[in-house]
Structures are given as C-alpha cells and as structure tokens.
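Undergrad: What follows is a structure written as structure tokens; I'll ask about it next.
A short reminder: the numbers here are calculations on the coordinates, not readings from a lab. Model, not experiment: these values are computed from the prediction. Here the Cβ is made from the backbone with ideal geometry for all residues, glycine too, and neighbour counts use every protein chain on show.
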Amino acid sequence: MAENETAEATGSGEPAGRANRRKVREGIVVSTAMDKTTVVAVTERVRHPKYSKTVQRTRKVYVHDEENQTNAGDRVRVAETRPLSKLKRWRLVEILERAR
C-alpha cells in the first residue's frame, strides 16, 4: 500500500523510485516547413571550463507539433519524449509567446 501512495503523490502512476524526469527546454521556432514537425533553436548559457566566462550555446532540436500550431519566431516550451523518428526526440508542450 505504501508503494501506491508514493505513485499517487508523484502523479505519474509509477513508483516514486522509477519516475523519470524528462528534460524541459524553452526556445525559438526557426522553421515550420515540415508537416507536424518544427525546428526549435534552444539556447543555453554555460560556463567555459577554462576561461570561466559565460558563453551561449545554441542547439537545434526537432519537435513534434501535432496540430501545426507554431509559426517561425514563436517562443515555445518543449519536453523530451521517446524517439518519434530518426531525429525527433522532443514534443511541443506549450506556446509561451507568439511572434510579432
């Protein structure tokens, strides 16, 4: 019974020890040319190991957008998911800000 209580507390339906936290990132939509897929540029700030200066690194990720609701320039939140195709490993969670 204690295992059930921890599963309900996490809200995932899995025991608390096995609940895997998926990565969540924010980025800017770069391309919407494909069907149900958007390309999002995710920028992260990291400290350079040698020079201790903060640098920005940008990575493009392919995001599953089921309803094709994003446009280039939108700020979006994406979450890691199972592999959906050769390159798609992320899904659209929400649109934070529409492009002007």
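Undergrad: Once you have the alpha carbon radius of gyration of the range 22-97, what is it after dividing by 2.2 N^0.38 Å, with N set to its residue count? Before the final figure, lay out each step's value.
TA: Values: Rg = 13.3 Å, N = 76, 2.2 N^0.38 = 11.4 Å.
Ratio of Rg to 2.2 N^0.38 Å for the range 22-97: 1.17.
Undergrad: Taking the Cβ of Lys36 as the centre, find all other residues whose Cβ is under 13 Å away and add up their charges (Lys, Arg: +1; Asp, Glu: -1). Before the final figure, lay out the partial values.
TA: Details: positive: Lys88, Arg91; negative: Asp35, Asp65, Glu66, Glu67.
Overall, the nearby charge balance is -2.
Undergrad: While we're looking at this one, here's another question. List, in order, the whole-Hz ³J(HN,Hα) value for each residue of the range 37-52 obtained from phi through the Karplus relation with A = 6.51, B = -1.76, C = 1.60 and θ = phi - 60°; use x for Gly and Pro.
TA: My calculation for the range 37-52 gives 9, 10, 9, 10, 8, 9, 9, 10, 9, 10, 8, 5, x, 8, 9, 6 Hz in order.
Undergrad: Taking the mean number of other Cβ atoms within 10 Å as a proxy for protection, how do you rank 76-87, 33-44, 51-62 from highest to lowest?
TA: Values: 76-87: 13.8, 33-44: 15.5, 51-62: 10.9.
Highest to lowest by the protection proxy: 33-44, 76-87, 51-62.
Undergrad: Then there's this: Give the lysines whose C-alpha is closer than 26 Å to that of Lys36, dropping any in the same chain fewer than 8 places away, or say none.
TA: Within reach: Lys23, Lys60, Lys86, Lys88.
Undergrad: Tell me the net charge near Gly73. Cut-off is 13 Å between Cβ atoms, Gly73 excluded, with +1 for each Lys or Arg and -1 for each Asp or Glu. Walk me through the numbers on the way to the answer.
TA: Numbers: positive: Arg75, Arg98, Arg100; negative: Asp74, Glu97.
Combined, the nearby Lys, Arg, Asp and Glu give +1.
Undergrad: Through the Karplus equation 6.51 cos²θ - 1.76 cosθ + 1.60, θ set to phi - 60°, convert the phi angles of the range 65-81 into ³J(HN,Hα) values in whole Hz; use x for Gly and Pro.
TA: Taking θ as phi minus 60°, the curve returns 10, 4, 9, 6, 9, 9, 10, 4, x, 5, 8, 10, 10, 10, 10, 5, 8 Hz for the range 65-81.
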